[in-house]
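Engineer: Attaching a single structure in structure tokens format; questions to follow.
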Amino acid sequence: MNSQPYLSLVVFAVVAAVFPLVPLILARLWFYFFAPLKPGESKNATYECGLVSEGDARIQFKAHYYLYAIVFLIFDVETIFLLPFATAFLNLSVGAVLAMLVFVLLLVEGLVWAWSKGYLEWD
Amino acid sequence: MSVLSDSLIEDLKKQGVLVTSIEALYNWGRSNSVWPLQFGLACCAIEMIAASMARFDLSRFGSEVFRPSPRQADLMIVSGTVTKKMAPQVVRLFNQMPDPKYVIAMGACAISGGPFKQGYNVLKGVDRFIPVDIYIPGCPPRPEALLHGLMELQKKIRAQKLTGENRAKYFDAAQPGEYPIPSFGEHDLEPSKNAALWSPAQVARKD
């Protein structure tokens, strides 16, 4: 059998290191012998859309939107549950109706909480 | 320059021996991987898109990889009318491309303003601000014309020198890497042209 079971891994690691390094070294040699660097104001600019960037990139983002989106998502999902509940309402057992009412109550409780915290107002 | 004469290289090639120089190899490589910048300005862009699709197949020339970033592009195909509003952006994008970089002025508008030349808002030729390598006439040029233009550009790239006196400007540290970006003035772009690149044609009158 193979006396060096991990030899293939070593070969693999060496190839994996050499394969990207050779082009990088070649590119560096190429830059050294042929290509003059010509940096400039627009070449070094971060934004590459042709336009000059305006203002600071580090702005405060309104976190309010996040809560708003979460509340919306919950009630969006609730409508998906309410629709089959409404269509099958007359054929449901008492336990199923109670379970559904608890589910709606939980969501209403969340809505009341968000409302009382003032998260539904966009100021 | 070369140790071997051109005729000897041709003779060797007939015998199945291929000799080359680093310069020829490098130019061969980069002439067959000219990546254009992905942007279109007007109707010529539709022809450019058609040229990159299956029927005309720009990728036969190694040029199918339209780059969305100027940092990765070698070629700017100015495909369409350059308005004065757009000109600073075009020049800035060209400045952001790494050397060596090339410009194809595709269509009458990019060459001279074309049918909109008299418009107050139309730049009368993109060569007033950036150095154009290949002009493709037409309104718009057919995709075959763009292919021809690309082949002419490849010929131009293959003939470029990397070292020596008459080397290409990209390999000359003294040549500028960026071109001045015009700004919006009261009536026109300021400056209205790059004087180092373009000057109006002089009419020589006989006395």
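The values are calculated or read from the model by the stated rules, or taken from the named source; none is laboratory data. Just so you know, these numbers come straight off a predicted model, no measurement behind them. We place every Cβ from the backbone using ideal geometry, glycine too, and count neighbours over all the protein chains shown.
Engineer: Could you grab me the full set of residues in the range B:132-168 that are away from every other protein chain (no Cβ under 14 Å) and part of a loop (DSSP other than H, G, I, E, B)? Working first, answer last.
Structural biologist: Applying the first criterion (away from every other protein chain (no Cβ under 14 Å)) to the range B:132-168 yields B:132-159, B:165-166.
Those that are away from every other protein chain (no Cβ under 14 Å) and part of a loop (DSSP other than H, G, I, E, B): B:132, B:133, B:137, B:138, B:139, B:140, B:141, B:142, B:159, B:165, B:166.
Engineer: Can you run down the residue pairs with Cβ atoms below 6 Å, 6 or more apart or on separate chains, where the first is in the range B:169-191 and in contact (Cβ under 8 Å) with a residue 40 or more places away in the chain and away from every other protein chain (no Cβ under 12 Å) and the partner is assigned to a strand (DSSP E or B) and surrounded by 13 or more Cβ atoms within 10 Å (Cβ to Cβ)?
Structural biologist: Filtered contacts from the range B:169-191: B:182/B:189.
Engineer: With A:42, A:8 as the choices, which residue is hydroxyl-bearing (Ser, Thr, Tyr) and surrounded by 12 or more Cβ atoms within 10 Å (Cβ to Cβ)? Give the steps one after another, and end with the answer.
Structural biologist: On the way: A:8 fails: surrounded by 12 or more Cβ atoms within 10 Å (Cβ to Cβ).
None of the others qualify; the one that does is A:42.
Engineer: Look through A:83, A:9, A:98, A:29 and report the one residue that is at pLDDT 85 or above and within 14 Å of chain B (Cβ to nearest Cβ). Steps first, please.
Structural biologist: On the way: A:83 fails: within 14 Å of chain B (Cβ to nearest Cβ); A:9 fails: within 14 Å of chain B (Cβ to nearest Cβ); A:98 fails: within 14 Å of chain B (Cβ to nearest Cβ).
That would be A:29, the only listed residue that is at pLDDT 85 or above and within 14 Å of chain B (Cβ to nearest Cβ).
Engineer: Given the condition surrounded by fewer than 22 Cβ atoms within 10 Å (Cβ to Cβ) and either within 19 Å of residue A:39 (Cα to Cα) or touching a residue at least 60 places away in the same chain (Cβ under 8 Å) (or both), answer yes or no: does some residue in the range B:105-125 qualify?
Structural biologist: Within the range B:105-125, none of the residues are surrounded by fewer than 22 Cβ atoms within 10 Å (Cβ to Cβ) and either within 19 Å of residue A:39 (Cα to Cα) or touching a residue at least 60 places away in the same chain (Cβ under 8 Å) (or both).
Engineer: Further question on the same structure: State all residues of the range B:75-122 that are part of a strand (DSSP E or B), of a type outside the set (Val, Ile, Thr) and away from every other protein chain (no Cβ under 13 Å); if no residue qualifies, say none.
Structural biologist: The answer is B:75, B:79, B:102, B:105, B:106.
Engineer: Let me ask something else about it. Would you confirm whether any residue within the range B:57-78 is closer than 17 Å to residue B:104 by Cβ and hydroxyl-bearing (Ser, Thr, Tyr)?
Structural biologist: Yes.
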